[in-house]
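Enquirer: Input: one structure, supplied below.
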Amino acid sequence: MTSEEVTDLLKKAYSDEIETVMNYLTNSIVLDGVSAEEVKESLETDIQEELNHAEMLGQRLKQLDERPPASYDFEARQESLQPPEDTTDVLSVINGVLDAEEDAIETYRSLIKAAGDDDPVTEDIAVTILSDEEAHRTEFRGFKREYDDD
């Protein structure tokens, strides 16, 4: 039997992935400037991957006889990933992505620990997504280093 902690973490992760999709999409649209292009392209690519994560989490919730969160269940939390007032402020978006990825990594590590040996399917899903999130973090750390060098 899956614990309430596991289903709560699955629901949090699902909501976070949906919020990330929304913020990545908006930032990929609103950023301006030559230096923004590479970041925008990366965000556009990551949107589909984050959406796939949400789908995996939602399917797992369904398998556990739980309902994935819907819009009325949603509480926005990604303050640092909000689109910047200055649409050329690419560094603020990079920092927001890094914050979101750190939060996701923490959530998936907690989910892995909570699922443990009792729920190997959820554990496997969390490990798979964790790997993707760590790769995103690495990519955006590289973008940040480029901006720090300027």
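Enquirer: Expressed as a rounded percentage, what relative contact order does the chain have, with Cα pairs under 8 Å and six or more residues apart? Present the calculation step by step, with values, prior to reporting the outcome.
Expert: Working: 165 pairs, mean separation 42.2, N = 150.
For the chain, the relative contact order is 28 percent.
Enquirer: First compute the accessible area of the chain with a 1.4 Å probe, then give the percent of it belonging to carbon and sulfur atoms.
Expert: Working: 4000 of 8320 Å².
Heavy-atom surface of the chain belonging to carbon and sulfur, 1.4 Å probe: 48 percent.
Enquirer: How about Lys144: which lysines have a C-alpha closer than 23 Å to its C-alpha, ignoring those fewer than 8 places off in the same chain?
Expert: Output for Lys144: Lys40.
Enquirer: Cα centroids of the range 123-150 and the range 1-44: how far apart, whole angstrom?
Expert: Between the Cα centres of the range 123-150 and the range 1-44 lies a distance of 13 Å.
Enquirer: Continuing with this model, one more query. List residues of the range 4-25, by number, whose backbone nitrogen lies under 16 Å from a label position 7 Å along Cα→C-beta of Arg67.
Expert: Zone members listed by number: 8, 11-12, 15.
Enquirer: Please calculate how many Å² of accessible area the range 30-124 carries per residue, with a 1.4 Å probe and no DNA, RNA or ligand atoms counted.
Expert: Details: 5500 Å² over 95 residues.
Averaged over the residues of the range 30-124, the accessible area is 58 Å².
Enquirer: I've got another one for you. Tell me which lysines have Cα within less than 27 Å of Lys62's Cα, excluding those fewer than 8 residues away on the same chain?
Expert: Lys11, Lys12, Lys113
Enquirer: For the pair Asp86 and Arg109, what calculated FRET efficiency results from E = 1/(1 + (r/R0)^6), where r is the Cβ-Cβ distance and R0 = 30 Å, to the nearest 0.05?
Expert: On the way: r = 34 Å, r/R0 = 1.13.
Step by step, r from the Cβ atoms, then E = 0.30.
Enquirer: Report, to two decimal places, the Cα Rg of the range 50-89 normalised by 2.2 N^0.38 Å (N = number of residues).
Expert: Numbers: Rg = 14.8 Å, N = 40, 2.2 N^0.38 = 8.9 Å.
Cα-based Rg divided by the globular estimate yields 1.65.
Enquirer: If you don't mind, another one. What is the distance, in nm, between label points placed 7 Å from the Cα along the Cα-to-Cβ direction at Glu75 and at Arg141?
Expert: So the two model labels end up 3.1 nm from each other.
Enquirer: Please compute the length gained on full extension between Leu51 and Glu4, using 0.36 nm multiplied by the number of residues separating them and subtracting their Cα-Cα distance.
Expert: Values: separation 47, 0.36 × 47 = 16.92 nm, distance 2.39 nm.
Using 0.36 nm per residue and subtracting the Cα-Cα distance, I get 14.5 nm.
Enquirer: Using R₀ = 41 Å, calculate the FRET efficiency as 1/(1 + (r/R₀)^6) where r is the Cβ-Cβ separation of Asp117 and Val34; round to 0.05.
Expert: 0.20
Enquirer: What does the helix-only formula give at 222 nm for the chain: each DSSP H stretch with n ≥ 4 adding -39500 (n - 2.57), the total divided by the residues, and the result rounded to the nearest 500 deg cm²/dmol? All intermediate terms of the calculation are to be shown ahead of the outcome.
Expert: On the way: 4 runs with 110 residues, N = 150.
Theoretical 222 nm ellipticity from helices: -26500 deg cm²/dmol.
Enquirer: Counting pairwise Cα distances across the range 1-144, what percent come out greater than 19 angstrom? Intermediate values should be presented prior to the final figure.
Expert: Details: 5051 of 10296 pairs.
Tail of the P(r) past 19 Å holds 49 percent of the pairs.
Enquirer: Also: Under a point-charge model restricted to the Cβ atoms of Lys and Arg (+1) and Asp and Glu (-1), what is the dipole moment magnitude of the chain relative to its Cα centre, in debye to the nearest 20? Kindly include the intermediate steps, with their values, before the conclusion.
Expert: Numbers: 13 positive and 41 negative charges, 72 e Å.
With only Lys, Arg, Asp and Glu charged at Cβ, the dipole is about 340 debye.
The values are calculated or read from the model by the stated rules, or taken from the named source; none is laboratory data. From a predicted model like this one, the values you see are computed outputs, not experimental measurements. Every residue, glycine as well, gets a Cβ built from its backbone with ideal geometry; the counts of neighbours run over all protein chains shown. Accessible surface areas use protein heavy atoms only, side chains included; no ligands, DNA or RNA. Shrake-Rupley method; radii C 1.70, N 1.55, O 1.52, S 1.80 Å.
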